[in-house]
Amino acid sequence: MSAAAPFVLWLDDPIANGHPALGGKFSSLGEMTASGFSVPPGFGITTSAYRSFMDAAGLSEEARRVSAAADKMALEDIKSETKTLIAGVLNAPLPAQLEADIREAYAELERRTGVKDVPVAVRSSGESEDLAGASFAGQYDTFLWVCGIESVLHHVRQCWVGMFGEAVLSYRVDGQAVISRGDFGMCVGIQQMVQARAAGVMFTLNPLNGDRSKVAMEAVWGLGEGVVKGDITPSRFMVDKVTFEIVERKRSDQREEYRFDPSQGVAVLPIEETRIGVSCLEESHVLALAELAKHIERRRGAPQDIEWAVDVNGNVRVLQVRPETVWSRKAAQSIVGKSRSPIGHVLARMAGNQIAKPAATGAKGAA
């Protein structure tokens, strides 16, 4: 990581394209922005900012100790081992220049969007997401529909704290706690919320058999939380990459969606009768998404896992792009039974396992 990286880096800054100080998720979005794909505007509070804060607060050494100990830490011991560190991250003062940079950047986002207290997603984007074989999908935190600079500052700390939560410290690949492999930093992405009419996830292969001639997608009405959390049964589509024919489709009888409500925040709410039994995606959008997926795969040179949204005006937006890692590492039979991560939810449903359960409310998402 470059020591010269600024505290704040905009997605449309030319140097944001793949910049390591933006972490895995946001550096990929910087690449997508530079390539001309439609990405919601935003900026990253870089890993340099995180390290500056931790050094100024005197917490860097404790963070390294906790990360190194994760490999031998029992799940029931994590809260007691991290109590002091988490309290420090939540309460230590921000360096004056860092706080000023974040405030200025959020004000600039308000100016660019023309929206006071513009609603944003506050998203974790860790350096450890780049490790081979470790996606961290579903382990890091995302907070939706955050409004106002004070709330943004609060949720930035929540994302930093998430590095030392049970989900991350207990995340293991090949029997090793991934976080123990190094002294990783955390970028926090601030990105304008999309007023999503529909949203979901797609893969540039059939994740059940690895067939790269297909694009597989799952879609829901409203925000995409129902897909990545697995608590709303989505509609499914399979598109042939060569002929652009929709070769499979299964419409969900969706009756609830994730959307913003002024009194509740982002919550699971009933949808209108007129939308029940109606496909959340028109055929033209399914084909546009498949074409988008094919272009992104060609741009990145390997199968991809893509989160997207269709806004209320019908525009398709790219929310997240990452390499597809599950099929290349494991046989399909061994992955369909795990449903804790977003891709695990998708694979389980495509295998015919019914994992949707009564939805829970809340604004906290899975990164």
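Residue 29 - would you say it is under 16 Å from residue 308 (Cα atoms), in a helix (DSSP H, G or I), in contact with a Gly (Cβ under 8 Å, 6 or more places away or on another chain) and not basic (Lys, Arg)? Yes.
Note on the stretch 100-193: no enclosed strands (runs of 3 or more DSSP E) hold 3 or more residues that are in contact with an Asp or Glu (Cβ under 8 Å, 6 or more places away or on another chain), among the hydrophobic types (A, V, I, L, M, F, W, C) and modelled with pLDDT of 85 or more. When the residues of the stretch 232-285 are filtered to those that are among the hydrophobic types (A, V, I, L, M, F, W, C) and farther than 23 Å from residue 314 by Cβ, the one that is least open to solvent (accessible area, probe 1.4 Å) is 267.
Scanning the stretch 21-51 for residues that are surrounded by fewer than 17 Cβ atoms within 10 Å (Cβ to Cβ), out of contact with any strand residue (DSSP E or B) (no Cβ under 9 Å at 6 or more places or on another chain) and touching a residue at least 40 places away in the same chain (Cβ under 8 Å) gives a single hit, 35. Residues in the stretch 228-254 that are assigned to a loop (DSSP other than H, G, I, E, B) and over 25 Å from residue 284 (Cβ atoms): 230, 231. If you go through the stretch 32-47 and pick out every residue that is in a helix (DSSP H, G or I) and not small (Gly, Ala, Ser), you end up with 3.
Being free of Cβ contacts under 8 Å to residues at least 40 places away in the same chain and assigned to a helix (DSSP H, G or I) is the filter; apply it to the stretch 6-20 and report the residue that is most open to solvent (accessible area, probe 1.4 Å). Of everything passing the filter in the stretch 6-20, 14 is most open to solvent (accessible area, probe 1.4 Å). May I ask you to verify whether residue 69 is part of a helix (DSSP H, G or I), open to solvent by 10 Å² or more (accessible area, probe 1.4 Å) and either in contact (Cβ under 8 Å) with a residue 12 or more places away in the chain or under 27 Å from residue 106 (Cα atoms) (or both)? In short, yes.
Here the stretch 80-108 is the region considered, the condition is being under 13 Å from residue 53 (Cα atoms) and open to solvent by 80 Å² or more (accessible area, probe 1.4 Å), and the residue that is nearest to the chain's Cα centre (by Cα) is 91. Within 20 Å of the chain's Cα centre (by Cα) and more than 22 Å from residue 274 (Cβ to Cβ): is that true of residue 239 in this structure? When the stated conditions are applied, residue 239 does not pass them.
Looking across the stretch 202-221, the residues that are part of a strand (DSSP E or B) and open to solvent by 10 Å² or more (accessible area, probe 1.4 Å) come down to 206, 211, 214, 221. Could you pull out the residue among 233, 243 that is more than 21 Å from residue 201 (Cβ to Cβ) and not hydrophobic (A, V, I, L, M, F, W, C)? Residue meeting the stated conditions: 243. Of all residues in the stretch 159-202, those satisfying the criterion of being over 15 Å from the mean Cα position of the chain (by Cα) and among the polar types (S, T, N, Q) are 170, 176, 180, 195.
Please enumerate the residues belonging to the stretch 170-204 that are out of contact with any strand residue (DSSP E or B) (no Cβ under 8 Å at 6 or more places or on another chain) and touching a residue at least 12 places away in the same chain (Cβ under 8 Å). Correct list: 173, 174, 176, 177, 179, 180, 181, 182, 183.
The values are calculated or read from the model by the stated rules, or taken from the named source; none is laboratory data. Since we're looking at a predicted model, the values are computed, not measured. As a convention, Cβ positions derive from the backbone with ideal geometry for all residues, glycine included, and neighbour counts pool all protein chains shown. Ligands, DNA and RNA are excluded from the accessible area calculation, which covers all protein heavy atoms including side chains. Shrake-Rupley method; radii C 1.70, N 1.55, O 1.52, S 1.80 Å.
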